[in-house]
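A.B. asks: Okay, here's the structure, questions in a sec.
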Amino acid sequence: MYSATCICLIALANPTIVEAPRQPLGPFLKELAAQEEHLLLQLSKESLWTDPKLKAQLVESIDAAGKLWSARLIPLLAEHIAYEAIDENERPWRLIPLEKMYPCFAALQRVGIPAVPRLIELLKNTNPDRESERQSNYLAILALRNIYREGGFGQKMAKQRLEFELTRAAAEEKKRLQKALQDPALNADLTDPNQGH
């Protein structure tokens, strides 16, 4: 299956391969803006996050937010990065991928580079030594590494970005960023081609 970018490049190289009906972007952009606004309103409702009966609707909205790549939705996704979609009593005996367990984490990774500044802010403002903030901090580190992994050097690029942020951070933020830099997710053996990429 080709990605949209791949199809566009093929079409540019040989326009006879892909003939798509031409339509103005105006209606499409209006539809995207309407979807973004709808998701923003949905995800801003506190009841959606707290009512177990609305969990399926919430997870669907989070998934849609990640696919939309909306900068306006990033703060809400980051705020709820540690939201668990699967309760302890619902978990099967097998391991569950982090992306299924934490849908906001998955959505932020899907958004990609535009989510990086908010993830950095999350790392500056969460304390991994505090139980209530530990999971958010850990997921922000993993998301940052995984976003940069798209370019092939996730671990190295994430560390360089955090080191750059150290130069601009306040004292307390520096301590937290230094802790993030020491996290095992960013310190696997870089000579092993299977780690850190």
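The values are calculated or read from the model by the stated rules, or taken from the named source; none is laboratory data. Here the structure is a predicted model, which is why all the values come from computation and not from measurement. Don't worry about glycine lacking a Cβ; one is built from the backbone with ideal geometry, like all the others, and counts go over all protein chains shown.
A.B. asks: Pick out the one residue from Arg168, Arg118 that is part of a loop (DSSP other than H, G, I, E, B) and at pLDDT 90 or above.
C.D. replies: Just a single option satisfies the conditions, and that option is Arg168.
A.B. asks: Can you list the helices (runs of 4 or more DSSP H) found entirely within the range 46-112 that contain at least 1 residues being touching a residue at least 60 places away in the same chain (Cβ under 8 Å) and of a type in the set (A, V, I, L, M, F, W, C)?
C.D. replies: Correct list: 74-79.
A.B. asks: Additional query: Just for the range 49-58: of the residues that are of a type in the set (A, V, I, L, M, F, W, C) and over 17 Å from Leu68 (Cβ atoms), which one is surrounded by the fewest Cβ atoms within 10 Å (Cβ to Cβ)?
C.D. replies: Across the range 49-58, the extreme among qualifying residues is Ala56.
A.B. asks: Return the total of residues in the range 129-155 being farther than 15 Å from Ala180 by Cα, more than 10 Å from the chain's Cα centre (by Cα) and either modelled with pLDDT under 85 or not aromatic (Phe, Trp, Tyr) (or both).
C.D. replies: Selection size over the range 129-155: 7.
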